[in-house]
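These notes are about the structure you will find just below.
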Amino acid sequence: MKSGLKRSNAPIFWALFGGGGMLSALVGPMLVFITGIAIPFGLLLPEGAMSYPKMLAFAQNWLGKAFVFAVIALFLWHAAHRIFHTLHDVGIHAGVAARLICYGSAFVATLVSAYVLLGLGF
């Protein structure tokens, strides 16, 4: 007997949205503080803490690469989901077109970030 429930891909997007929201709430403010306040004004961190060679070494390490990828990808998916639902809230009901633009851009940017991070080497 066939069930009356329809399969949906919404849980996948809600999981990416939730993960991105949690990460942006927990890590985002500290990233803004470190890169926007602490390093430019020389607070709390030593000189050259975020120099190009050190950041490149961080991004070439598999754990650093995973962290950078998680931050970029989950922030993108969180933003895409927020933008899509905000469009709906302000009265723009574009349907499939808005979905493709919002989630498609997050998907393409995630692929590009993975390609760039893998291109940095290990």
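All of the numbers you see were taken from the coordinates with simple rules; none came from a lab. As the structure is a computational prediction, the values presented were derived from the model and not from experiment. So basically every Cβ, Gly included, is an ideal-geometry build from the backbone, and we count neighbours across all protein chains shown.
Structure notes:
- C-alpha long axis of helix 10-26 to longest principal axis of the chain, angle in °: 30 degrees
- Gain on full stretching of the segment that runs from Leu26 to Ala94 - 0.36 nm per residue minus C-alpha separation: 21.3 nm
- For the peptides 43-55, 62-74, the ranking by mean Cβ contacts within 10 Å, running from highest to lowest, is 62-74, 43-55.
- Only Lys, Arg, Asp and Glu carry charge here, each on its Cβ (+1 for the first two, -1 for the last two); on that basis the chain has a dipole of about 520 debye about its Cα centre.
- Each label point was placed 7 Å from the Cα along the Cα-to-Cβ direction; for Leu44 and Phe67 their separation is 1.4 nm.
- Sites Ser8 and Leu118 - FRET efficiency at Förster radius 35 Å, r taken between beta-carbons, to 0.05: 0.65
- For the range 11-119, alpha-carbon Rg relative to the globular expectation (2.2 N^0.38 Å, N residues): 1.27
- Net charge of neighbours whose Cβ lies under 14 Å from the Cβ of Arg82, counting Lys and Arg as +1 and Asp and Glu as -1: 0
- Estimated distance in nm for a label pair at Ile101 and Ala57, the labels positioned 7 Å out from Cα along Cα-to-Cβ: 4.5 nm
- √(5λ) per eigenvalue of the Cα gyration tensor, the range 51-100, largest first, Å: 35, 9, 7
- Between helix 96-119 and the chain there is an angle of about 30 degrees, using the helix long axis and the longest principal axis of the Cα atoms.
- Acute angle (nearest 10 degrees) that the helix 62-89 long axis makes with the longest principal axis of the chain, alpha-carbon atoms: 40 degrees
- Near Ala106, once Lys and Arg are set to +1 and Asp and Glu to -1 for all other residues with Cβ below 14 Å from its Cβ, the sum equals +2.
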